[in-house]
Amino acid sequence: MNPPRRVLLLTTPTSYRTRAFVDAAERLRIQALVVEDTPEVLRVSRPAGFAVDFGQPERATEEIVRLVAELPVRAVIPVDDAGTVLAARVATRLGLPSNDPDAALAARDKWLMRQRFAAAGVRAPQAQAFPALADPREVVADLRFPCVVKPTRLSGSRGVIRTDGPDQFVAAFERVRHILASDGIDLAQAWILVEPFVPGFEVAVEGLLTDGRLHVLAIFDKPDPLDGPYFEETIYVTPSRLPENVQARIVATTAEAARALGLWTGPIHAELRVNESGPWVIEIAGRSIGGLCSRILEFGTGMTLEELILAHAVGDPVPTIARRGGAAGVMMIPIPARGILKDVEGLERARAVPGIVDVEITARRNHRIVPLPEGASYLGFIFARGDDPAAVEDSLRRAHRHLSFRIAPELPVVPLASRR
């Protein structure tokens with residue numbers, strides 16, 4: 001007998017994506033059991049079994065397995081990067097379809113990813129990894145520039161910095177180390193990746209794996225140049241305007257990269273750069289697109305990306321993975337400066353731009369905002385649709401120009417001893 005139409009969603013308290021998955025489950029008449037990443041010290045007020053500490057994977061796996069013994073599920077789905085490895089561990093224990101935990105870890109850890117790509121001959125930057133506590137002045141002499149410094153497990157371009165010379169490299173390495181420490185990461189166990197900067201045009205691939213076969217859901221162009229020193233993503237537009245033969249090579253390279261990591265089932269999101277040598281894989285994640293970007297993707301007669309992922313996970317028939325006609329795009333509104341967000345003006349004018357579907361500000365007023373490379377979020381999102389990609393891109397840029405942000409400087413922190 002099959003278990004009830006129930007899935008387990010692994011998420012975080014700050015995830016953009018949880019509501020979209022829960023709403024999709026309701027529309028498909030699937031019960032969603034939500035488990036949040038919550039450290040032990042913060043779990044006193046939460047129902048037992050619905051919050052676990054993802055940072056303690058063995059204990060978290062046991063807690064979830066006990067929970068599922070009482071509430072059987074058909075699938076374990078990670079909403080964001082934080083849950084991908086734990087989802088694979090739990091699903092494997094339960095005998096449910098999943099990626100192998102080692103494959104999930106390779107898609108989460110950029111150093112393991114680079115090693116698997118190199119072993120399989122996937123075109124990707126040839127990286128080196130250094131202990132986070134290493135002295136960058138002792139390794140800089142052996143580097144070639146420009147190069148990119150990045151943490152191995154942070155996501156959303158956090159801590160990713162291009163350097164064009166020795167002094168920049170030393171400063172960037174120390175900055176990445178500070179970002180890791182501010183996240184509470186044990187520097188004695190952490191590594192920092194250094195790899196050549198790959199020039200070119202950047203794209204993203206949204207896909208779904210079934211028994212190792214890649215079904216491409218969308219190829220996104222990123223029309224803004226991503227040349228550094230930081231790599232803040234802004235505009236995604238689909239369908240791609242690249243020639244069909246180039247798109248075919250992007251798809252083939254993405255499939256090759258997924259195989260190299262050992263990914264077998266479920267959603268993937270890949271980032272690639274394209275230059276005269278062809279596509280280069282920057283990274284591939286074992287989860288769907290982040291933020292609120294999935295809102296622009298509809299399939300068949302209106303199926304959302306989350307509905308597609310859930311239906312695939314529970315074994316429902318999927319009528320089609322063909323994307324809705326026309327072009328669509330999203331702008332992740334960048335944070336222009338560090339400080340306290342006081343107000344956002346021009347929202348109605350931005351929403352009135354032809355082609356704009358909505359503008360949503362997700363940053364909270366009177367709260368601190370931090371840009372990359374330290375920051376981990378955006379101010380919000382602009383969504384657009386149109387007849388062709390160029391029109392969609394133009395609508396997004398016009399809408400963004402209508403927005404203005406009032407950001408107050410942060411007040412300095414005064415030590416307690418100085419207040420006496």
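None of the figures in this text is laboratory data; all of them are computed from the coordinates on show. It should be emphasised that the depicted structure is a prediction, and the values quoted were computed from it without experimental measurement. When we count neighbours, we look across all protein chains shown, and the Cβ atoms used for this are built from the backbone with ideal geometry, even at glycine.
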Next item on the list: List Phe21, Phe130 from most exposed to least, where exposure is judged by having the fewest other Cβ atoms within 10 Å.
Entry: Phe130, Phe21
Notebook entry, point to check: Of the peptides 381-387, 186-192, how do they stack up when ordered by the mean number of other Cβ atoms within 10 Å, highest first?
Noted result: 381-387, 186-192
Next item on the list: Assuming R0 = 56 Å, can you tell me the calculated FRET efficiency for the pair His367 and Ala252, based on Cβ-Cβ distance, to the nearest 0.05?
Entry: 0.80
Notebook entry, point to check: Among the aspartates and glutamates, which have Cα under 17 Å from the Cα of Lys342 when same-chain residues fewer than 8 positions away are ignored?
Noted result: Glu360, Glu410
Checklist line | Mean separation of Cα contacts under 8 Å (6+ apart) over length of segment 6-106, as relative contact order % | finding: 30
Checklist line | Anchor Lys110: lysines whose Cα lies under 20 Å away (excluding residues fewer than 8 positions away in-chain) | finding: Lys150
Next item on the list: Write out the trypsin sites (Lys or Arg not before Pro) in segment 142-193 meeting two conditions: DSSP loop, and at most 11 other Cβ atoms within 10 Å of their Cβ.
Entry: Arg144
Checklist line | In Hz, Karplus ³J(HN,Hα) per residue of segment 237-245 (6.51, -1.76, 1.60; θ = phi - 60°; x = Gly, Pro) | finding: 9, 9, x, 5, 9, 6, x, 4, 5
Check: Using the per-residue mean of other Cβ atoms lying within 10 Å as a proxy for protection, in what order, highest first, do the peptides 287-293, 94-100 fall?
Finding: 287-293, 94-100
Notebook entry, point to check: Given +1 on the Cβ of Lys and Arg, -1 on the Cβ of Asp and Glu, and no further charges, what dipole in debye does the chain carry about its Cα centre, rounded to the nearest 20?
Noted result: 680
Check: Which of the trypsin sites (Lys or Arg not before Pro) found in segment 296-366 are loop residues per DSSP with 10 or fewer other Cβ atoms within 10 Å of their Cβ?
Finding: Arg364
Next item on the list: Collect residues whose amide H, placed 1.01 Å from N in the peptide plane, falls under 5 Å from the amide H of Leu403; neighbours closer than 5 in sequence don't count.
Entry: none
Margin query: Quick query: amide H of Asp358 versus all other amide H atoms, modeled in the peptide plane; which residues come in under 5 Å with a sequence gap of 5 or more or a different chain?
Written below: Phe383
Margin query: For Gly339, what residues show an amide H to amide H distance below 5 Å, using hydrogens built from the backbone and excluding near sequence neighbours?
Written below: Ile369
Item checked: Charge sum, other residues only, whose C-beta stays under 14 Å from Arg19's C-beta, Lys/Arg counted +1 and Asp/Glu -1 -> -4
Next item on the list: List, in order, the whole-Hz ³J(HN,Hα) value for each residue of segment 83-96 obtained from phi through the Karplus relation with A = 6.51, B = -1.76, C = 1.60 and θ = phi - 60°; use x for Gly and Pro.
Entry: x, 5, 6, 4, 4, 5, 5, 5, 4, 4, 4, 8, x, 9
Margin query: Suppose each label sits 7 Å from its Cα in the direction of the beta carbon; what would the Asp183-Arg401 distance come out to in nanometres?
Written below: 3.7
Note to self: If each DSSP helix of 4+ residues adds -39,500 (n - 2.57) and the sum is divided by the residues in the chain, what number results at 222 nm, nearest 500 deg cm²/dmol?
What the structure shows: -9000 deg cm²/dmol
Check: Once phi is turned into ³J(HN,Hα) by the Karplus curve 6.51 cos²θ - 1.76 cosθ + 1.60 with θ = phi - 60°, what whole-Hz value does each residue of segment 218-231 show in order, with x for glycine and proline?
Finding: 6, 10, 9, 7, 10, x, 6, x, 10, 10, x, x, 10, 10
Notebook entry, point to check: Could the peptides 372-378, 145-151, 202-208 be put in order, highest first, of the mean number of other beta-carbon atoms found within 10 Å of their residues?
Noted result: 202-208, 145-151, 372-378
